[in-house]
1. Treating the beta-carbon of each Lys and Arg as +1 and of each Asp and Glu as -1, no other charges, what is the dipole magnitude of region B:233-276 about its Cα centre, to the nearest 20 debye?
2. Give, in nm to one decimal, the length gained when the segment between B:Val138 and B:Tyr323 is fully stretched (0.36 nm per residue of separation minus the Cα-Cα distance).
3. Show me, for region B:34-42, the HN-Hα J-couplings you get by feeding each phi into the Karplus relation (A = 6.51, B = -1.76, C = 1.60, θ = phi - 60°), rounded to Hz, glycine and proline as x.
4. Under 5 Å between amide H atoms, partner at least 5 residues away or on a different chain: which partners does A:Gly79 have, H built in plane at 1.01 Å?
5. Compute the signed sum of charges (Lys and Arg +1, Asp and Glu -1) over the other residues within less than 12 Å, Cβ to Cβ, of A:His245.
6. With Cβ to Cβ distances under 10 Å as the rule, what net charge do the other residues near B:Asp245 carry (K, R +1; D, E -1)?
7. Mind checking which of A:Leu67, A:Leu161, A:Leu178 has the largest fluctuation in a GNM of chain A, springs on alpha carbons under 10 Å?
8. Connecting C-alpha atoms closer than 10 Å in a GNM of chain A, tell me which of A:Gln70, A:Gln222, A:Gln129 has the biggest fluctuation.
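Nothing in this text is a laboratory measurement; each read-out follows from the coordinates by a stated rule. A quick note: this is a predicted structure, and the numbers were derived from the prediction, not measured. Using ideal geometry, Cβ is built from the backbone for each residue, glycine included, and neighbour counts are taken over all protein chains shown.
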Amino acid sequence: MKALDSLRETMRRDRVFDFVAQGEYPLSGFRHTVTQGEIDVSHGTILYVENVTVSFDGFKALNDLSLYIQDGELRCIIGPNGAGKTTMMDVITGKTRPDTGRVHLGQSMDLTRMNETQVAEAGVGRKFQKPTVFPEHSVFENLELAMKMEKNAWTSLRTILTSEQQSRIEEVMELIGLKDQPSIQAKFLSHGQKQWLEIGMLLMHDPRVLLVDEPVAGMTHQEMDRTAELLTSLAGKHSVVVVEHDMDFVRSIAKTVTVLHEGSVLAEGSMDQVQNDDRVREVYLGS
Amino acid sequence: MLSKILFKNLLKDDKGGDRMLTVLLAVLVLVPVLNLAVPESSVFHLSTYTVTLLGKYLTFALLAIALDLVWGYCGILSLGHGAFFALGGYAMGMYLMRQIGDRGVYGNAELPDFMVFLNWSELPWYWSGFDMFWFAMVMVAVVPGVLAFIFGWLAFRSRVTGVYLSIITQALTYALMLAFFRNEMGFGGNNGLTDFKDLLGFDLQSDVTRIVLFSISGLTLLLAYLLSRYIVNSKFGRVIVAIRDAEDRARFIGYNVEQYKLWIFVLSAVLAGIAGALYVPQVGIINPGEFSPLNSIELAIWVAIGGRGTLYGAVIGAILVNYAKTYFTGALPEVWLFALGGLFVFVTLFLPRGLVGVFDKRRKSSQGAQA
């Protein structure tokens, strides 16, 4: 298996060979080295979406979209229905292949060549709109199941959590505000708590980029506030991309807002800048 | 209680299982005493007939655990588990046939009676080795296991789930039944294998052998229960429950769903095969009727009535329903099928978690899966 894997690695065309990247490369003094499987953010940008076009039966869901997410940034993406928000997520996570354009994670990883699992492994976590947690499992078990670890059947049979893993789970439970209820079954959680638990499950994977789709839909105001807190606290360590309709919520968390319209970026900037943009007003208010 | 002391960690959160095993251990001690040591004239004497009946129930309970593992925990409703049970039974039956030797009706030392009757001159190749006990015992596990592996590999890889899987498992057991009914298959046709004399040299009709078979059935049930409990307590167990509740999500997180399903299915089939092998020497016959789809459906009813996803519920369901069956088919034979059907409807409508669900206020907010 080992040999096969390393052969497979050598055949990959989306990365520089190990020996080139790390080793005796004549120009190594002039370039930084890239470790395989690690995201290279030496230029400060973690996610590059460049000139991406996706069309379904002639309809351009994404039209020459370019977007850059900085490492550790919290970015909100808004836009009217059909603006291409979900399609953009699909392209980043490898669910949809772009017709043209490039999507890179860091400098070196080409996401358009990976499938969904590989993208997830590479460090992009996606939270879908509808919460899907395991209803019969406790909060703790849900997080345990989502943990980054060996996942084949035989290992699972004999796995015992190390204290490190245990404390990692507790850390995440603290983060998502469910620390006091580790053994409650997920089906008894409120809608908001389920959303947090799911974010927690994503965090167990230690993603560098978190894509969050409409996190506060259907939440109470208190829950919204706590979600805002949670997402803000995640920024810095992770880059968080939030797609949301709720303007109050977006205002409460975002430093930078990107407005999508008809598959491309209409405006980008702070919330105030964006709201005072004439084109944005036109799109949203039709005036 | 008693079993709790013995298997502390395994049964930590399993009160029902603990009670069930305590009762089982008590029965395993009491029954031999009441049968062998208490004189026949006493009211406390247990007839050998009853012992055999109880032994049969225990093998059914083992079969029910096997189904509960795949159905209750992994959501795979197999309606063909009777096939694995019967295959295990046939493997044991073949050994017992070879043990008869020249004591058969035709007195042929090499060939079982039905082969002599069919004018066969030599044993088919697949009968070779079955004169050795160890070989037969290996086959008891291997034959159902390999069949389950091939079947499961094909089915799960093609993502056949839910009712479609149930239907093809029915087809599997039905196909095997038709095949085993044929004389040229070499398994005794519709008469099956019977007229067994002894097992490892012990007379199958003697009281002591019957008690020993009963005890082995009970101990096997106990071990299988502990093994199953170990599995469902492990992370493997949590993964298969996750697969049951949200298969796509489990796949998305990175679990190889097919692999998990396949292994639990194979293990379940092996347990069913062992149950069959214990069943055959106690009832003295194995015939293609055991493959009938109806048997497998009845098995699902035992588990549903007892309570899915608890393991001990399956044991209780199997024993209660079979006791009721013995009683009704003796007292009011025409009522039995109606009673079984009625029971199933009742349980489905009013007790979705089965009989054990009634007594068991299960882990609502205080479940202690972590330390």
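1. The dipole of region B:233-276 has a size of about 120 debye.
2. Contour length minus Cα-Cα distance gives 63.5 nm.
3. Whole-Hz 3J(HN,Hα) from phi for region B:34-42: 5, 7, 8, 8, 7, x, 4, 6, 6.
4. A:Leu260
5. -4
6. Surrounding charge for B:Asp245 is +1.
7. It is A:Leu161.
8. In this elastic network of chain A, the residue with the biggest mean-square fluctuation among A:Gln70, A:Gln222, A:Gln129 is A:Gln222.
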